[in-house]
Amino acid sequence: MLLIPCPYCGERPEIEFSYGGEAHIARPQNPASLSDTQWAEFLFMRGNQKGAFRERWIHTHGCRRWFNMLRDTTSHEIYAVYKIGAPKPPAPGEKPAAAKKPATRARKGASK
Amino acid sequence: MTGSMRLPGGGRIDRSRPLKFTFNGKGYTGYEGDTLASALIANGVHLIARSMKYHRPRGLMTAGSDEPNGMVQLATGARTEPNIKATQIPLYDGLEASSVNVFPSVETDIGAVNGLLSPFMTAGFYYKTFMPSQLFWDKVAEPIIRKAAGFGKAPTEPDPDVYDHKHVHCDLMVVGAGPAGLSAARAAAATGARVILADEQAEFGGSLLTLHREIDGKPSAEWVGSVVSELSGHDEVTLLRRTTVTGLYDQNYLVALEQKIDDLTPSSPANPRMRVWHIRAKEVILATGSHERPLVFADNDRPGTMLASAALTYMNRYGALPCNKPVVVTNNDWAYETARTFKAHGAEVTVVDTRKTVPEDLGTEMAHLGIEVLADSTVTGVSGKHRVKGVSVAAKNADGSGIAGVSHSIDADGLIVSGGYSAAVHLFCHVGGKLSFDDARVSFMPATGRKALACVGGTAAEFGIAAAIDGGAAAGAKAAQAAGFKPGRAGKGVQVADDRADGNVEAAWLLPSGTAPNRSKAKFFVDYQNDTGAADIALAVREGFDSVEHMKRYTLTGFGTDQGKLGNINGLAILAELTGRTIQETGTTTFRPPYTPVTFGALAGRDAGDMLDPIRVTNIHDWHVAHGAEFENVGQWKRPWYYPIDGETMHQAVARECRAARTAVTALDASTLGKIDVTGKDAGVFLDRVYTNMMSTLKVGSVRYGLMLHEDGMVYDDGTVTRLAENRFLVTTTTGGAASVFQHLEDYLQTEWPDLDVYLTSVTEQWATVTVSGPKARMLLERITDMNLDPADFQFMTFREGKVAGLPARVFRISFTGELSYEISVVWHHGKALWEAVMDAGHDFGITPYGTETMHVLRAEKGFIIVGQETDGTLTPYDLGMGWIVSKKKEDFIGKRSLTRPDTVREDRKQLVGLLPEDPGFVVPEGAQLVNNSVKLKDVPHFAPPGLDGAPIYGRKASPVPMLGHVTSSYWSDALGRSFALGLVKGGQARTGDIVYAPLDDRTIAMRIVDPVFYDKEGARRDG
């Protein structure tokens, strides 16, 4: 059972949290304009990475806020937690993302 | 053989405190400080148990948690515990224990006939023999095998004991309090770090409780005492004895089981029987030591056979002599200490050394002591059914592959074996640690593991005492530093006399003998607890199960309560030899928690009985209880199911409640429905996006029914939306879905549309709700409210605020029964007052309380779905015939795009239909499968998995009957005077009038597909 550092509440045991799947998958702005294939890509396809993985969590039995976590899926090491809409912290061995103009709307997928 | 084998002096037992106990009904005496195992050995009892498969007589192999044989049924009645290792039971006065897996007794056991049948009971025997006929397996083979297999008996009474859990954080967790662990804890504690030290034994000291050494000129026991007393003096140090760390998990999270009460003292919340510790440590040091291995040879399981380290422990620690005439078989130097100690106690000792040469110093010493040493020799057999009588020994041939000449038998009453030591790397591997096999030490060693995790002493295959102490101290200081503490001055290394760090082990697994195991009548045991022999491993390899994980499962090596602590390494080494691979290439099976078995009571802790899960009740609950309601669990809620009176059956009660709803007036406690307050200037926009229909157009004071979909287009929840004010809505959800709907809405608000000005508040437990329903509902309500109830004024699907029974109330005209209904909500703690006022006011109308079952029948008669009963997450609104609720105007809402996917527009999707059994008196069970043809279930072949070529195996045919769907709801209708059902049928909406069939166990029911609205199709009754 992990000890999860909620960005709002601090470290709390995993039983207080719920998992929300892969992060940074933005709901398309205009679903009607997408082909079936494009919609299926958004709806069903997920990375399922081995190693560093960005995922969503909610502190269900705490502040009830969603946030993102960068976690190693093999060692379960938590590299970083960050608020929704915040820039992605780099994974170990990854170059920090170049500073970009902040998105006008903070969404699940500020960028993919 | 019985009689006192207690040594006149020595050991850590207290001879002034005798303890009486019984084993298999016979009385014995031991001493304070004994385990059940040591007390039995001191009483000359070696026949402890029977093995699982062949029911072979077995004795104690070890003195610790690696014991495979010596399991007993401990205590009686509600406190009885099966399969407890005698080596881990501290003796107490009045202890009662008995052998497991025996009938009628351990001496004469009927199951031993299996031993005679053993040539037919090889690995995979059960599958090969019994599986071809399903019927034979179900009816004959499985019940007999289940009865014969397994060990002790589970208690049948509730556990009377109290268990608890404790959660702690520390800087350093040290697992194991032998020389390495004590030393590590001491070094870390000196820095001020918060340290927890745990050991599975009742006393700290580990191997030093057995080995008599001088450490820096002091006896080892004194060294242990001084370290323990130093540790006890630190405020930040916690010492846990009788505490087994059963698992190491990610982020250095450890779970440990502490045995707090070992005797019959009653437990209490203040003094629990066991405690589960949840420990989060910044740093972990594993000082779990090592396990000695036996050797594999013919009949190496005769009672009286024991590991060399265990024999030494029984003599040195417990003052019990295992036997008078031991044969010691070894491939290393360490076992000579056991031989020497036996000799010192007057035993007649022979050593069989499998190595080509014996170190000169040992040879000289043994000759001087008068111990015969047979070097370059092997064991070819052991005689004695209930106790070792003789050991057959032969010289090895030149290349060590077989024997030279003939065996000769040595009279013996004990067989002491040592095959070297294996590092106890279990916890290291729980978190994915990788091992490497060290050929010089003949042991696996920790190679690469997690951060902030160190292995010291035996765990690192470091077998010397000085190395353990020095290595422990270094690791302890380093861990403290890593946790943020300043290390003190490094101590100098310790001097340990007679510290034999290198045992000169010469790898030996299956000893050479005249006969291969599979050609021999004898058994060459590898895993004692599972009766796995070397021949079984050979068979597994012949049949293609040559990966270590396959071999384990085919032969059962490494299963059971000892989890292969004794036999695993021998098993995989034999597998390596058979497959021509190295041990490193062969690898180990996966080590998984728990390290030793944990009783369920401890895991449950206080979360048992009423504390298992939160129980949620409404404000009206006491009234329901007082009026004899039967309850149904809906999520965590207790909801009245039906209210039987005068011994009514459920069927009678529900029929009466339904009749009252259709002819008079009824009341339902609907307080459990989920309620969410949605406030903010964008609340309407938000609700438009989460419901299929338009909510922003709702007028203040109006109510609308809505469906929520997931993004995949499947129905997720339903409920009503009421516009309380311009920017304020009240959303209701299903009882079971309240929490997840709330989370779903928060998800979209927080992550997709944080720009919306909307606030969600769960108000489920702020409002108690009573539904008054039936043709006389208005007449009833008129008596307790001044509101204008004229249906032309207070219309269907609107809401009013006012006073009901003098209480501030919200009244909604919503109907889930099809009858005139008012849902009245008041502040939660007014719920019971409202309910009682309704009951009083309706008394002369024959007001009838009804529960969830009647609610289900009434709504099904109207064709209203229940999410989670009609739906299962695979149905769109169109599948449910609810296309009318999907807005065509809205550009987007959650799930809209998915409704035009090729899969969701298929015409043969399962669709909701009404079903009328052709036999109107028969209520079809819910869940019944529907098919097109009138087949009988008994003619439908059992499902059989296909073979590799895709064809069914075992000569049976796979099911040829295409499934159409299933019955989702099925009831007797009092209003219709017949049975009816709702169900899902492929393409069912176009099949009205068709007959489908539900094949049941004893009959097949024909059902006609009809419209799902059975009662009052016109909706004429909702205004009363």
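The values are calculated or read from the model by the stated rules, or taken from the named source; none is laboratory data. None of the values given here were measured: they were computed from a predicted structure. Glycine also receives a Cβ, built like all others from the backbone with ideal geometry; neighbour counts cover every protein chain displayed. When the accessible area is computed, the model is the full protein with side chains, heavy atoms only, and any ligands, DNA or RNA have been set aside. Shrake-Rupley method; radii C 1.70, N 1.55, O 1.52, S 1.80 Å.
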### Task
Name every residue in the range B:263-276 that is away from chain A (no Cβ under 14 Å) and open to solvent by less than 50 Å² (accessible area, probe 1.4 Å), in order of residue number.
B:Ser267, B:Ser268, B:Pro272, B:Arg273, B:Met274, B:Arg275
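Scan the range B:230-239 and tell me whether some residue there is at positive phi and touching a Lys or Arg at 6+ places or on another chain (Cβ under 7 Å).
Among the residues of the range B:230-239, not one is at positive phi and touching a Lys or Arg at 6+ places or on another chain (Cβ under 7 Å), which makes the answer no.
Restricting attention to the range B:452-506, report how many residues are part of a loop (DSSP other than H, G, I, E, B), basic (Lys, Arg) and touching a residue at least 24 places away in the same chain (Cβ under 8 Å).
2
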### Query
If you go through the range B:617-629 one residue at a time, do you hit one that is of a type in the set (A, V, I, L, M), without any contact (Cβ under 8 Å) to a residue 60 or more places away in the chain, surrounded by fewer than 17 Cβ atoms within 10 Å (Cβ to Cβ) and part of a helix (DSSP H, G or I)?
yes
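Could you grab me the full set of residues in the range B:461-480 that are among the small types (Gly, Ala, Ser) and under 35 Å from the mean Cα position of the chain (by Cα)?
Across the range B:461-480, the qualifying residues are B:Ala461, B:Gly472, B:Ala475, B:Gly476, B:Ala479, B:Ala480.
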### Query
Do we have B:Pro594 as surrounded by fewer than 22 Cβ atoms within 10 Å (Cβ to Cβ), modelled with pLDDT of 95 or more and not hydroxyl-bearing (Ser, Thr, Tyr) here?
yes
### Message
So, in the range B:434-454, how many residues would count as being basic (Lys, Arg) and modelled with pLDDT of 95 or more?
### Response
2
#### Entry: So B:Gly736, is it over 16 Å from B:Val678 (Cβ atoms) and away from every other protein chain (no Cβ under 14 Å)
yes
### Task
Exactly one condition in (1) over 21 Å from B:Gly635 (Cα atoms); (2) part of a loop (DSSP other than H, G, I, E, B); (3) hydroxyl-bearing (Ser, Thr, Tyr); (4) under 45 Å from the mean Cα position of the chain (by Cα) is not met by B:Tyr705; state its number.
(2)
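Of everything in the range B:750-778, what is part of a helix (DSSP H, G or I) and touching a helix residue (DSSP H, G or I) at 6+ places or on another chain (Cβ under 7 Å)? Give them in sequence order.
Across the range B:750-778, the qualifying residues are B:Thr764, B:Glu765, B:Gln766.
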### Query
Can B:Ile469 be described as farther than 22 Å from B:Tyr336 by Cβ and assigned by TED's automatic domain parsing to the domain that holds B:Ala311?
no
### Task
Just need a number here: residues in the range B:351-385 that are among the polar types (S, T, N, Q) and open to solvent by 50 Å² or more (accessible area, probe 1.4 Å).
3
#### Entry: Residue that is farthest from B:Gly571 (Cα to Cα) [pool: residues in the range B:438-459 that are of a type in the set (A, V, I, L, M, F, W, C) and open to solvent by 20 Å² or more (accessible area, probe 1.4 Å)]
B:Ala452
### Query
Looking only at the range B:742-765, which residues are of a type in the set (A, V, I, L, M) and away from chain A (no Cβ under 13 Å)?
B:Val758, B:Val763
### Query
Would you call B:Gln251 more than 14 Å from every other protein chain (Cβ to nearest Cβ), open to solvent by 10 Å² or more (accessible area, probe 1.4 Å) and polar (S, T, N, Q)?
no
### Query
Within the range B:912-924, is even one residue in a loop (DSSP other than H, G, I, E, B), modelled with pLDDT under 95, among the charged types (D, E, K, R) and more than 29 Å from B:Tyr878 (Cβ to Cβ)?
no
### Query
Hey, among the residues in the range B:889-926 that are open to solvent by less than 60 Å² (accessible area, probe 1.4 Å) and of a type in the set (Ser, Thr, Tyr), which one's farthest from the other protein chains (Cβ to nearest Cβ)?
B:Thr904
#### Entry: Residue list for the range A:44-71, restricted to those being more than 10 Å from chain B (Cβ to nearest Cβ) and within 14 Å of B:Glu746 (Cα to Cα)
A:Trp57, A:His59, A:His61, A:Gly62, A:Cys63
### Summary
When (1) more than 14 Å from chain A (Cβ to nearest Cβ); (2) open to solvent by 50 Å² or more (accessible area, probe 1.4 Å) are applied to B:Thr722, the one that fails is (2)
### Filter result (in a loop (DSSP other than H, G, I, E, B) and open to solvent by 60 Å² or more (accessible area, probe 1.4 Å)) within the range B:16-46
B:Asn24, B:Gly25
### Message
Go through the range A:1-43 and report how many residues are more than 11 Å from chain B (Cβ to nearest Cβ) and small (Gly, Ala, Ser).
### Response
1
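I'd like to know if the range B:386-402 contains one or more residues that are touching a helix residue (DSSP H, G or I) at 6+ places or on another chain (Cβ under 7 Å) and surrounded by fewer than 20 Cβ atoms within 10 Å (Cβ to Cβ).
No; the residues of the range B:386-402 include none that is touching a helix residue (DSSP H, G or I) at 6+ places or on another chain (Cβ under 7 Å) and surrounded by fewer than 20 Cβ atoms within 10 Å (Cβ to Cβ).
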### Message
As an exercise: evaluate B:Arg639 against (1) charged (D, E, K, R); (2) out of contact with any Asp or Glu (no Cβ under 7 Å at 6 or more places or on another chain); (3) surrounded by 21 or more Cβ atoms within 10 Å (Cβ to Cβ) and give the number of the one condition it does not meet.
### Response
(2)
### Task
Name the single residue, out of those in the range B:740-754 being without any contact (Cβ under 8 Å) to a residue 24 or more places away in the chain and closer than 15 Å to A:Ala26 by Cα, that is surrounded by the most Cβ atoms within 10 Å (Cβ to Cβ).
B:Thr751
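Out of contact with any helix residue (DSSP H, G or I) (no Cβ under 6 Å at 6 or more places or on another chain) and open to solvent by 10 Å² or more (accessible area, probe 1.4 Å): is that true of B:Ala683 in this structure?
No; evaluated as a whole, the condition is false for this residue.
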